[in-house]
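**Q** The structure's right below; bear with me while I get my questions together.
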């Protein structure tokens, strides 16, 4: 059975899309302050895991909980 994840390009596409989003948000003077002092690696990993879960892909989050 095909999943939505496969239809949108799979895990690699989800990873790339979230990375591209943050590459565009980081330099934006209006949006960047929302991420000041945040662990961006953790945020990105969690966002990828969330989107993967939403599109029925493999929910993965390799970030240890603190």
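The values are calculated or read from the model by the stated rules, or taken from the named source; none is laboratory data. Predicted model, so just to flag it, every value in this text is computed and none were measured. Ideal geometry is used to build each Cβ from the backbone, glycine not excepted, and the neighbour counts take in all protein chains shown.
**Q** Which condition breaks for residue 9 when tested against (1) part of a loop (DSSP other than H, G, I, E, B); (2) on the phi < 0 side of the Ramachandran plot; (3) surrounded by 10 or more Cβ atoms within 10 Å (Cβ to Cβ)?
**A** (2)
One line per residue, one yes/no per condition, for (1) touching a helix residue (DSSP H, G or I) at 6+ places or on another chain (Cβ under 8 Å); (2) assigned to a loop (DSSP other than H, G, I, E, B); (3) modelled with pLDDT under 90:
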site: 16; (1), (2), (3): no, no, no
site: 20; (1), (2), (3): no, no, no
site: 24; (1), (2), (3): no, no, no
site: 33; (1), (2), (3): no, no, no
site: 43; (1), (2), (3): yes, no, no
site: 50; (1), (2), (3): no, no, yes
site: 62; (1), (2), (3): yes, yes, yes
site: 66; (1), (2), (3): no, yes, yes
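**Q** Consider region 12-48. How many of its residues are surrounded by 10 or more Cβ atoms within 10 Å (Cβ to Cβ) and more than 16 Å from the chain's Cα centre (by Cα)?
**A** Residues meeting the conditions: 3.
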